[in-house]
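To start, the structure itself, in structure tokens.
The values are calculated or read from the model by the stated rules, or taken from the named source; none is laboratory data. Remember, predicted model here, so these are calculated numbers, not experimental data. Cβ coordinates were reconstructed from backbone atoms using ideal geometry, including for glycine residues, and neighbour counts include every protein chain displayed. Accessible surface areas use protein heavy atoms only, side chains included; no ligands, DNA or RNA. Shrake-Rupley method; radii C 1.70, N 1.55, O 1.52, S 1.80 Å.
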Amino acid sequence: MNVREKYLKNTKRIVVKVGSSTLITEDGSLDLYRIEEIVRQICYLQNQGKSVVLVTSGAIGVGFLKLGLKTKPKDICEKQAAAAIGQGILLNTYEKIFSEHNKIVAQILLTKNDLDIVDNYTNAQNTFTALLKRGVIPIVNENDAVAVEEIKFGDNDTLSALIAKTIHADLLILLSDIDGLYSSDPQSDKDAKLINCVPEITKDIEECSKGSHSNIGTGGMYTKIKAAKIAVSSGISMIIANGSQDGVIEDIVSNKEVGTFFEAKK
């Protein structure tokens, strides 16, 4: 039995986070093929008896491009306007594709207060429990249309890790535009090597996470390591993998050596 199989053999509850760079094409439109492929795999997981929560980025990315802007706005009001436009487009797309697989979805928009304040946290936890119990797939995003800096998570990698902790997930999957964590930035270092397994997040691992930002997305590898710290310290294994790879989620749950695996602490 390999390390992954040891941790993943009894996985029942999974959080899948999809980054903007996976969902949005270079011309600014939604990558419908990629979304359909991700939805298909999530439906596969649910059909295998697993509970799945989808944390999706992309609302601001879709919205600011719809507004005719060439880059993501820095002004908070423009970001919120873009999010208000993009959230509707994004959910409508997901709902349509999931319904083709006879699956019901529910949108949950959160701010940091919803998981920081005890009563709000309990209410959020109860909502997730009720939805998952009834076979509904929650689709989560930060409520960027109203959130201000003081109540923002800052990135959906952190949000997904906190959601995984809230619902007592067994596994967190972060899908990005990179195959996993490398020994150095693969865009600038041709000798960079993919790290297959991380038994412990050391300073050297944190050093590997520097760099790699996207014009569409929010964070880079740094925010993913930050999410990994939250997940593994909560007893949740995590995997960073390339969302553009067909069947990547199915490969992960089949214990194939894809992406970078972070071992959960007991």
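Across all C-alpha atoms in segment 36-141, the radius of gyration and Dmax reach 15.4, 44 Å. Across segment 51-82, the residues whose backbone nitrogen lies under 20 Å from the label position 7 Å along the beta-carbon direction of THR25 are 57-72.
Hey, what's the chain come to in accessible area per residue, 1.4 Å probe, Å²? Before the final figure, lay out the partial values.
On the way: 12550 Å² over 266 residues.
Here the per-residue accessible area is 47 Å².
With bins 5 Å wide beginning at 0, the percent of Cα pairs of segment 1-53 falling in each bin runs 4, 17, 20, 18, 17, 12, 7, 3, 1.
Taking only C-alpha pairs under 8 Å that are 6+ residues apart, what is the relative contact order of the chain in percent? Relative contact order of the chain: 23 percent.
When the charge dipole of segment 50-165 is built from unit charges on Cβ atoms (+1 for Lys and Arg, -1 for Asp and Glu) and taken about the Cα centre, the candidate among GLN107, TYR94, LEU69 whose Cα reaches farthest toward its positive end is TYR94.
Relative contact order for segment 9-76: 41 percent, from Cα pairs under 8 Å spaced at least 6 residues apart, divided by residue count. Calculated [222 nm] ellipticity per residue, helices only, for the chain: -12500 deg cm²/dmol; basis is -39500 (n - 2.57) per DSSP H run with n ≥ 4, divided by all residues, nearest 500. Farthest toward the positive end of the dipole of the chain, out of ALA241, TYR222, SER183, is the Cα of ALA241, where the dipole comes from beta carbon charges about the Cα centre. Where a ≥ b ≥ c are the square roots of the eigenvalues of the C-alpha gyration tensor, would you call segment 15-98 rounded, which needs a/c under 1.5, or, failing that, prolate if a/b is larger than b/c, or oblate? Prolate is the answer for segment 15-98, as a/c is 1.5 or above and a/b outweighs b/c.
Taking the Cα centre of the chain as origin and assigning +1 to Lys and Arg Cβ atoms and -1 to Asp and Glu Cβ atoms, the resulting dipole is close to 740 debye. Legend: residue pairs LYS74/LYS203; LYS165/LYS203; LYS79/LYS165; LYS6/LYS103, Cα-Cα distance threshold 26 Å; pairs beyond threshold, LYS74/LYS203; LYS79/LYS165; LYS6/LYS103.
Would the chain count as rounded, prolate or oblate if I go by the C-alpha gyration tensor, calling it rounded below 1.5 in a/c and otherwise prolate when a/b exceeds b/c, oblate otherwise? Present the calculation step by step, with values, prior to reporting the outcome.
On the way: a/c = 1.34, a/b = 1.12, b/c = 1.20.
Here the chain falls in the rounded category.
Just for the chain, what percent of DSSP beta bridges are antiparallel, to the closest 5? Could the numbers behind the result be given before it?
Working: 5 of 32 bridges.
Of all bridge pairs located within the chain, approximately 15 percent are antiparallel.
Among ILE108, ILE42, ILE14, which one shows the highest mean-square fluctuation when the chain is modelled as a Gaussian network with alpha-carbon springs under 10 Å? Judging by the Gaussian network model, the answer is ILE108.
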